[in-house]
Amino acid sequence: MKKVAGISRWLHLIYLGNLLWAPVFDPATGWADWALVAVVVVAFVPMYVLAWHRPDLVRWCCTVPTVVLGALATPFNTGAAVLFVYAGAFAGLSESRRVAMRWFVGLTALIFLFAVVSTVELPYRLWGLLPSLIFLWLIGILQVEWAERDREAAELRIRTARVEHLATLAERERIARDLHDLLGHTLTAIILRAQLVAADPARAREEAAEIERTARAALGEVRDAVTGWRSASLDTELEAARTALTSLGVEVVVRRDPGLTIVGSTEHELALALREAVTNVARHAQATTCHIGIEARGGELCLVIADDGVSSRAPEGNGLTGMRERIAALGGLVRRTGSAGTTVTIAVPLRVAT
């Protein structure tokens with residue numbers, strides 16, 4: 001996705017070709033006209049590149065210099081008015097909607113000014129300025145919409161991370177209170193019964209059995225207290241999958257995109273889905289190789305588990321049904337296919353997963 005966006009940004013420089021109309025079609029073109037085109041291109045391209053890499057510097061290092069450059073060049077080459085379109089895009093990228101609209105109005109006024117004072121003859125003057133006037137508003141407003149959408153998405157990710165963090169803190173506090181109340185009482189009971197064993201050997205068997213029962217009850221209470229707190233990790237599940245399948249003679253090949261950063265809630269669900277899928281491979285597949293892939297493609301985060309074992313046509317059990325329900329809650333889906341072996345693909349939208 002990022003590579004495609006980068007290529008698209010470079011392709012937008014093709015609009016600088018508007019600078020060539022006047023020198024190419026004007027019979028009176030001289031070396032000074034071509035020199036002006038070269039100076040504009042050489043001066044503008046670094047500002048264009050900077051705009052995408054340093055949004056914090058756009059206003060003073062890109063938008064304002066681009067407007068100045070356009071104001072100097074447009075009187076002699078109306079195709080240079082395309083720089084006002086780029087300036088409008090910069091404003092839409094870096095400014096609020098209200099401030100960007102002010103830029104659009106100011107740039108429109110400049111275009112009307114140069115329609116009067118340009119040295120280019122009519123009607124060629126208007127042919128050079130009118131497209132820039134139209135595209136200034138069209139591209140500028142689109143850029144404002146895209147920038148606002150990106151800012152809203154970033155704010156949503158921040159809010160989601162904060163909610164998850166606060167929920168984790170609240171759950172830790174609850175567990176701390178539960179463990180204190182549960183274990184304080186239970187351990188005290190165990191200590192007292194151990195003392196009775198030491199004091200009355202005749203009751204040793206009875207008290208030892210009671211200590212075991214109390215200890216098992218305490219273990220169950222601790223497990224209940226921490227239910228829902230531990231978050232499954234993909235790295236942990238990948239290592240567990242490798243260990244479990246290797247012990248059965250299954251070769252495990254893992255391919256994971258190192259650039260992916262997955263939010264905690266999504267990683268937890270994906271880890272549980274991986275656990276279920278690997279369990280099915282171990283129980284039913286009779287495979288010799290299992291490929292596990294985690295990567296982003298087509299706007300989705302995909303977890304793929306593929307084995308070369310026996311393809312099962314049996315109805316889905318509770319495990320796979322539960323996996324579908326968990327992934328559906330994230331806006332994703334689970335696909336199971338296979339003729340030679342079985343492939344399970346879990347796909348979650350990238351906007352939810354990262």
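The values are calculated or read from the model by the stated rules, or taken from the named source; none is laboratory data. As the structure is a computational prediction, the values presented were derived from the model and not from experiment. Neighbour counts run over all protein chains shown; Cβ positions are idealised from the backbone, glycine included. Only protein heavy atoms, including side chains, enter the accessible area calculation; ligands, DNA and RNA are left aside. Shrake-Rupley method; radii C 1.70, N 1.55, O 1.52, S 1.80 Å.
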Q: Taking amide H positions as placed in the peptide plane 1.01 Å from N, state which residues far from C290 in sequence (5 or more) or on other chains have amide H under 5 Å from it.
A: E251, V252, V253
Q.
Just to verify a number: FRET efficiency for T160 and R283, C-beta to C-beta distance, R0 = 30 Å, to 0.05?
A. 0.25
**Q.** q = 0.08, 0.16 Å⁻¹: log10 I(q)/I(0) that the Debye formula gives for segment 10-158, counting C-alpha atoms only
**A.** -0.22, -0.81
Q. Averaged per residue, what accessible surface does segment 247-299 expose to a 1.4 Å probe, in Å²?
A. 52
Q) What is the local net charge at E295, summed over the other residues whose Cβ is closer than 9 Å to its Cβ (Lys, Arg +1; Asp, Glu -1)? A) +2
Q) Over segment 4-144, what percent of the accessible surface lies on carbon and sulfur atoms, probe 1.4 Å? A) 76
**Q.** For Q286, net neighbour charge (Lys/Arg +1, Asp/Glu -1) across residues whose Cβ lies under 13 Å away
**A.** -1
(Q) Place a point 7 Å from Cα of F25 in the direction of its Cβ. Which residues in segment 128-165 have their backbone N less than 13 Å from it? (A) 128-131
(Q) What value in Å³ per residue do you get for the convex hull of the alpha-carbon atoms in segment 231-315? (A) 108
Q: Set the Förster radius R0 to 22 Å, insert the Cβ-Cβ distance between V116 and V64 as r into 1/(1 + (r/R0)^6), and round the FRET efficiency to 0.05.
A: 0.45
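Taking 45 Å as R0, compute the FRET efficiency from the Cβ-Cβ separation of V42 and L248 and round it to 0.05.
0.10
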Q. Going by average Cβ neighbours within 10 Å, how do the peptides 43-49, 243-249 rank, with the highest at the top?
A. 43-49, 243-249
Q | Separation of the R54 and E206 label points, Cα + 7 Å toward Cβ, nm | A | 8.4
Q) Taking a probe of 1.4 Å, how large is the accessible area per residue of segment 18-89, in Å²? A) 49
